[in-house]
1. Of all helices (runs of 4 or more DSSP H) completely enclosed by the range B:111-199, which ones contain at least 3 residues that are within 14 Å of chain A (Cβ to nearest Cβ)?
2. Just to be sure, is residue A:413 surrounded by 14 or more Cβ atoms within 10 Å (Cβ to Cβ), more than 30 Å from the chain's Cα centre (by Cα) and assigned by TED's automatic domain parsing to the domain that holds residue A:487?
3. I'd like to check which helices (runs of 4 or more DSSP H) are fully inside the range A:1-117 and have at least 3 residues that are at pLDDT below 85 and over 30 Å from residue A:467 (Cα atoms).
4. Give B:288, B:245 a once-over and let me know the one that is over 23 Å from residue B:360 (Cβ atoms) and modelled with pLDDT of 85 or more.
5. Being over 27 Å from residue A:492 (Cα atoms), at pLDDT below 95 and surrounded by fewer than 16 Cβ atoms within 10 Å (Cβ to Cβ) narrows it down to one residue among A:337, A:300; which is it?
6. Going through the range A:507-521 one residue at a time, which ones are surrounded by fewer than 21 Cβ atoms within 10 Å (Cβ to Cβ) and touching a residue at least 60 places away in the same chain (Cβ under 8 Å)?
């Protein structure tokens, strides 16, 4: 039974025939290809090899919220050398026409030595037409040298925006190894900012042209008349939330200053202006970046590469007083009748905490309007550290806002746990907490967080994740895709907000600390601040929103080493707000004026 | 010439020597296609290490007590299912498929281990006590043993490997002595599932054909109705399973079925492979002198297109030599399957033979342009540690059976 059951003759024969049969077919096919048709295959291989030529797709363009171009593309020439056929004797001539220092070409070839000799290297990007004309005249002698047309970022549209836009650069080896399917060596990839976050939208699809090349890689025609070619697909254009006018006013104001501006549309989280000053020239990165450019940028004492707007952290000073006010009101610890008498300071234990003036009797609103420290030393002591840090965190401090650029710091909101960790269980005193009331001490916030904080006051606790992307046009379908804001509500009563918002209104429009920017047209509300700086003169701060009744913009302005907030930071904020709200369109102005009139009436009640 | 008959009696040189020559050719071809490559130039050294490890594993498997393999069947099978599940969750995505574990600088492909596990498990199940392969339930379990890894591998997705598993499952059931009706029961659900991919009408037509065939076989009502229900539910189950797949996985299955779709540019690769082999001529262009290979016309040539390196640089002589070496191994395995005394060993040998042969046929066929482009490595030659290791271990098991063939009565 066994033999019959297992390897029956029938079964064995089928398998045997199959194995011998397949081998015979394969050998026949090999005989056909390698012996009978060998001449024709050889010809194909030696003279008609198909070579894919990759064409880089133009990156998507950046538009502002009113569809004005912010960053575009321009065509440029790139000169390349293929080492397998390049004659080194040509080097001095090429260096002369490029105007580079001797040894430049050798250095670049050495940097890329590990790649196959058959891959062309980009020697210079954005070369002038003069070089191309010279190449065309002498191309028969210039073995191993060629040029290609590529597109390059064009930054000539009036604003710089270096920190939010980011730049593009040749893909680094490590990234390439992870994304081999999508990129080739020498491709550009977004570095930092919006260019990095939205890389997959922006880069588009590379085109492939199949060319017939001979064994010396010389092009002799197109493969199948271009039937199998793939056309390039341009990257998706991004519509950003930025307002070009507001951004341009901000950049103008910070031309000779260091600092940051973040302006946000309060109800949607759309970022209207975003600036870190000083900026750097994105154009420098569009070429083959030389080591000198890198060195200069990295050694500059003003740190132009550092994104101050979302990464610099500091103690926010008096702009933080509203945290204590809102916490105390919301928790019922105080009401509008609660009063403190300011005699110029506050005694706590054996320490005396100073106020800038003798304010006399102050309530919660006048304390914000006049920025009285004594009131907040008292108040934070009543609230306690736990509640205070709970409210600070509610407003987004101490954690990242998840803005859509990779550069962001979380900052620090001290808590019991934090102090225990840093100083040990008994290593700190309640005195540490007193200075938190006026935004000093171990509190660290970013300008972006302050802007979002202002937006939450503007819109009474409802806002959305701050973001740059308003929408994009999908190049394949040619459709505009709108990005929906991710809204949230921090859950604090309108009643508490109304009291604090009113006080912020009075800071500018009453007898407060920023009456210098009072404007009936704009109806700005806000708060000044001075951030202590252990390394030099204090930083000036202003946060605010406008118009008071129906806020369309919230803003935070930081001017480094400029002293008191109202004199320098507040006027910059006013100019940016004005550039955003008033668009030279008379219809719009009338509407704005009408709405401010209504506000006046409400405030009068 | 002196032949050590004592050695040959315990150690089959007719398998071992061709295997070693194939590995050496593989290393030569990997070196040629990667030595001045920007990112793959380390592959030769890696493969050399893999080869040494695999040979050690081969000798360990060879010297283990034979009874052990039967007791390995269940643990190895379920361990490989566990790894196949795990790789879907924590695996690395390489070339669009989630089929790798990354450990340090090396990767491990659990579908390779599953090959061993599935062959052992099928052989174990099909020979357990008085198994009747023509009993519907027994066929069902045997199919399920093959079907579970196939589904998991399809999800990675790795179509080529799924196909190999299907071939192994069916050929082991076939070899166990299934009747014509049994074979019909085994193959018909696959037929219905395949038809269901082409829409409702094709699905209905396929079911009608099944009904017609059932009348032809004139089985009793219970058997016929059961077979019909199995077919019907296979169609519906597949439809349901297809819908819960992610869109990109659905697309892959669709593009696999539609030969005119060419999502990965595989037509271009296949054309270049043919040019490389054809232009090699009778003697080849010489080692390291094939311009198709050296100019990198074929991407990732060291994996699925390794055969065309040999075709181009060693010509007709080299290409036929490779086929001959494989054929020697296959015929030798085929002969051993007749001399092995117990059913379990016979099925193991047939499983290993089917596995190696289907890889060989699909890969060489693709390189020569006689089968569609399906990404599968060429055993012993293609770059890849997991596949080399498992292939050698499986030949180690076969050699072990050879060593012990006279101990059974």
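1. Values: elements: B:136-155, B:159-175, B:180-196.
Of the helices (runs of 4 or more DSSP H) lying wholly inside the range B:111-199, those with at least 3 residues that are within 14 Å of chain A (Cβ to nearest Cβ) span B:159-175, B:180-196.
2. no
3. Result: A:2-5, A:9-31, A:38-46, A:104-111.
4. Values: B:245 fails: modelled with pLDDT of 85 or more.
Checking each option against the conditions leaves just B:288.
5. Numbers: A:337 fails: over 27 Å from residue A:492 (Cα atoms).
When all the criteria are applied, what remains is A:300.
6. Answer for the range A:507-521, where residues must be surrounded by fewer than 21 Cβ atoms within 10 Å (Cβ to Cβ) and touching a residue at least 60 places away in the same chain (Cβ under 8 Å): A:510, A:511, A:520, A:521.
Every residue, every condition in (1) over 29 Å from residue A:13 (Cα atoms); (2) assigned to a helix (DSSP H, G or I); (3) touching a strand residue (DSSP E or B) at 6+ places or on another chain (Cβ under 6 Å); (4) at pLDDT 90 or above, yes or no:
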site: B:293; (1), (2), (3), (4): yes, yes, no, no
site: B:308; (1), (2), (3), (4): yes, yes, no, yes
site: B:315; (1), (2), (3), (4): yes, yes, no, yes
site: B:324; (1), (2), (3), (4): no, yes, no, yes
site: B:327; (1), (2), (3), (4): no, yes, no, yes
site: B:345; (1), (2), (3), (4): no, yes, no, yes
site: B:351; (1), (2), (3), (4): no, yes, no, yes
site: B:357; (1), (2), (3), (4): no, yes, no, yes
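Residue-by-condition table, conditions (1) assigned to a helix (DSSP H, G or I); (2) touching a residue at least 60 places away in the same chain (Cβ under 8 Å); (3) in contact with a helix residue (DSSP H, G or I) (Cβ under 9 Å, 6 or more places away or on another chain); (4) within 30 Å of residue B:311 (Cα to Cα):
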site: B:8; (1), (2), (3), (4): yes, no, yes, no
site: B:16; (1), (2), (3), (4): yes, yes, yes, yes
site: B:22; (1), (2), (3), (4): yes, yes, yes, yes
site: B:46; (1), (2), (3), (4): yes, yes, yes, yes
site: B:66; (1), (2), (3), (4): no, yes, yes, no
site: B:77; (1), (2), (3), (4): yes, yes, yes, no
site: B:84; (1), (2), (3), (4): yes, yes, yes, no
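The values are calculated or read from the model by the stated rules, or taken from the named source; none is laboratory data. Treat the numbers as computed from the prediction; the structure is a model and nothing was measured. FYI the Cβ positions are ideal-geometry reconstructions off the backbone, even for glycines, and counts take in every protein chain you see.
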